[in-house]
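Only one structure is covered here, and it is reproduced in the block below.
The values are calculated or read from the model by the stated rules, or taken from the named source; none is laboratory data. Quick caveat, the model's predicted, so the values are computed rather than measured. Here the Cβ positions follow ideal geometry from the backbone for every residue, glycine too, while neighbour counts run over all protein chains shown. Note: areas computed on protein heavy atoms with side chains; ligands, DNA, RNA excluded. Shrake-Rupley method; radii C 1.70, N 1.55, O 1.52, S 1.80 Å.
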Amino acid sequence: MVSELNIMVVDDELIVRESLKGWLEKFGYGVDTAEDAREALEKLEREGYALLFVDIKMPGMDGVELLKRVKEDQPDVIVVMITAHGSIESAIEAMKAGASDYLMKPFDPEDLELLIEKLAQTKRLMDENRRLRESYEGSSRFQDLIGQSGAMQKLFQLIEDVAPGDTAVLIVGETGTGKELVAKAIHALSPRRYAPFVAVNCGAFTETLLESTLFGHEKGAFTGAHHLQKGRLEMANGGTLFLDEVGEISPKMQVDFLRVLEEKKFHRLGNPKPMTTDFRLISATHRDLEEAIQKRVFRQDFYYRINVITIVVPPLRERKEDIELLAHQFLGRYSQELNKNVAGISKEALDILTRYEWPGNVRELENVIERAVVIGKKRKINPADLPFQDARIPRRPIAGSLGEVEKDHISDMLTACDWNIARTASLLGINRTTLYKKIKKYGFKQPAS
Amino acid sequence: MTSEKKIIAVQPLGRARRDVLEVIAANLQAFFQIRTEVFLDQPIPDGAYNSQRGQYNCYPIIESLRISKPHHAIKIIGVTEVDLFIPILTYVFGEAELGGNAAVVSTYRLARGKDREPVSSRRLFERAAKIAVHEMGHTFRLPHCKEDRCIMSSFPVLSHIDEKTIYFCRYCTTFLRDEYEKLGFA
Ligand SMILES: Nc1ncnc2c1ncn2[C@@H]1O[C@H](COP(=O)(O)OP(=O)(O)OP(=O)(O)O)[C@@H](O)[C@H]1O
Ligand SMILES: [Zn+2]
Ligand SMILES: [Zn+2]
């Protein structure tokens, strides 16, 4: 899971808390404060913090005592002590008790910045190690394909079962569900894994172009054939050929291709000499091929050939347990790629992601997260970073009394607008006073963020 | 709200060199595309001086700038020659609250080089302009940027300042445009 440097400043002096919080927030870190050890421990129970700044001298339980408690409970939390002049003794005691470092008030700006950088690095390393440990323990044997839902676990099992053989596999699923990744995972677990995985998107070519792409052509085979070109059938020799959108192949090409599958032979356009090739065929479609067969646009004999084993990839809306996992995976990938400091998803945003129906499936989710990382300005993705504002907020099915529907709707809107009262009221088309009254009436509480 | 009417106010606090004020005003106007005006100087607010540290606390200064800001100014930036601090740090070159409307910068530490010898006026102008643009950027909600050359990256020490260019990277430019849109002067 993606980590973030969530920070808490524990100090009895308001000015120190606010000053340090303001400074840290300019670096994009999420910062909470506590005015004494008791409040700090309470907050630690409720929320995870990666880093604590703790004043050594506080009324009640002092900083060193707090440090010991924290280290007992959550040894991974990094603690930095804040000391005043003359309390160097306690600073040393604190270092022995597990503090990572200490700072003398007031701090030198450069020291403070270097320290934070160093600690962020430490945290990244700790997370990296944990991730490595976890990946050893399973889950990522299917490369980039991830999922924790029962449906995906079954899919992983099926991939493992079919991978060692050589039978043709047809992968069926809506657009963006990850059919190509499933094909790659099968290839990667098969004995052909050291040979090429060659993908052809049959929907992206005209009939003649698809023909020359698959079979290749000799120089001068047709107008425009300036060089000899190897076909994908040749390139896939020894490996796996992946025909994406196989439902788009014309009936004529189906006949040609059927012959290749039966004879394991083909010839380049413009060259009558047959060549042999040996590949495993994996096809994918988002279309209902049985229906296409009925309509006589898809050949039944070809269908039987490519569909020895069917793998169905369920749409994302039928495995909502995967949304959070996938969202974090993409968040990690894009915040690194775009060099951005976004490292988490707020509860409200996650709520919206989970409720949405995802007609474009995982690809759509990936795009939404990429966009949010690009435009997001906070450490966490917030509802405002998602493209579901206004009328496009996913609605629950309408059920129940008018009052219940209104209650749900207002709650959705508040969440989507991050509890911005003015914005929510304007989206709802009511004034702010009315909105306040409704909030009171339904007893909504703004979540502590 | 239209951008032609609104201005950024440059407020000298105590003594401040006229040429430095002009350079800051010109750079803010160029980088934020908002007209700037140099105001008449005002004394540094009482209560900002900390006799133990012999320095001036940014917070009361920012607070008084915020209160004195005239309506037609959308932001105000104080410019001073005294040494500034915030309570947790030994010194700062300038300070602004994220998304606030007042900032303050000081030339106190900018006028000298590593070996304490005075630097040329050109260098001083450049440093002052960079700090002013950076702090003003914070008032427009720009956080620190990871792009080293970007003016919004952080520079705790003087030598870092000289390495920056006065330029907003791609992301900061986008964020600034977003903020302008929110403020209603796209
Ligand atoms: N289970 C998953 N884990 C991680 N990433 C996934 C998963 N499923 C899909 N993706 C990602 O979503 C995107 C779409 O996946 P893919 O191209 O495999 O879908 P597809 O079903 O082949 O789509 P289409 O039918 O439109 O060709 C890819 O970027 C892929 O990496
Ligand atoms: Zn800054
Ligand atoms: Zn930048």
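If you go through the range A:179-201 and pick out every residue that is open to solvent by 10 Å² or more (accessible area, probe 1.4 Å) and more than 17 Å from A:R287 (Cβ to Cβ), you end up with 14. Here B:E95 passes the criteria (1) open to solvent by 10 Å² or more (accessible area, probe 1.4 Å); (2) more than 13 Å from chain A (Cβ to nearest Cβ); (3) on the phi < 0 side of the Ramachandran plot except the one numbered (2). When B:I86, B:I131 are checked against the criterion of being within 16 Å of ligand 3 (Cβ to nearest atom) and of a type outside the set (D, E), a single residue qualifies: B:I131.
Annotation: of all residues in the range A:297-334 being free of Cβ contacts under 8 Å to residues at least 60 places away in the same chain and hydroxyl-bearing (S, T, Y), the one that is most open to solvent (accessible area, probe 1.4 Å) is A:Y304.
The set of residues in the range A:243-258 being out of contact with any strand residue (DSSP E or B) (no Cβ under 8 Å at 6 or more places or on another chain) and either within 16 Å of ligand 2 (Cβ to nearest atom) or not polar (S, T, N, Q) (or both) consists of A:E248, A:P251, A:K252, A:M253, A:V255, A:D256, A:F257, A:L258. Selection of the range B:142-154 for residues being of a type in the set (A, V, I, L, M, F, W, C), near ligand 2 (Cβ under 9 Å from one of its atoms) and more than 9 Å from chain A (Cβ to nearest Cβ) yields only B:M152.
Taking the numbered list (1) part of a helix (DSSP H, G or I); (2) more than 14 Å from every other protein chain (Cβ to nearest Cβ); (3) open to solvent by 30 Å² or more (accessible area, probe 1.4 Å); (4) in contact (Cβ under 8 Å) with a residue 12 or more places away in the chain in turn, B:L124 passes all entries but (3). Looking at the range A:243-261, I want the residues that are open to solvent by less than 30 Å² (accessible area, probe 1.4 Å) and have a partner that is in a strand (DSSP E or B) and modelled with pLDDT under 90 with Cβ atoms under 6 Å, at least 6 apart or on another chain. Which pairs are those? Final answer for the pair search is A:V260/A:F266. Do we find that B:R177 is assigned to a helix (DSSP H, G or I), closer than 17 Å to B:A30 by Cα, open to solvent by 40 Å² or more (accessible area, probe 1.4 Å) and away from ligand 3 (no atom under 11 Å from the Cβ) in this structure? Spelling it out, B:R177 is indeed assigned to a helix (DSSP H, G or I), closer than 17 Å to B:A30 by Cα, open to solvent by 40 Å² or more (accessible area, probe 1.4 Å) and away from ligand 3 (no atom under 11 Å from the Cβ).
Scanning the range A:12-38 for residues that are more than 12 Å from chain B (Cβ to nearest Cβ) and free of Cβ contacts under 8 Å to residues at least 40 places away in the same chain yields A:D32, A:T33, A:A34, A:E35, A:D36, A:A37, A:R38. Taken as a whole, the condition of being out of contact with any strand residue (DSSP E or B) (no Cβ under 7 Å at 6 or more places or on another chain), among the aliphatic types (A, V, I, L, M) and surrounded by 20 or more Cβ atoms within 10 Å (Cβ to Cβ) applies to A:L210. Starting from the range A:102-127, take each residue that is at the interface with chain B (Cβ under 9 Å from one of its Cβ atoms) and list its partners that are open to solvent by 30 Å² or more (accessible area, probe 1.4 Å) and outside any helix (DSSP H, G or I), counting only C-beta distances under 6 angstrom and pairs at least six apart or across chains. Close Cβ pairs satisfying both conditions: A:K105/A:A84; A:P106/B:T90; A:D108/B:T90.
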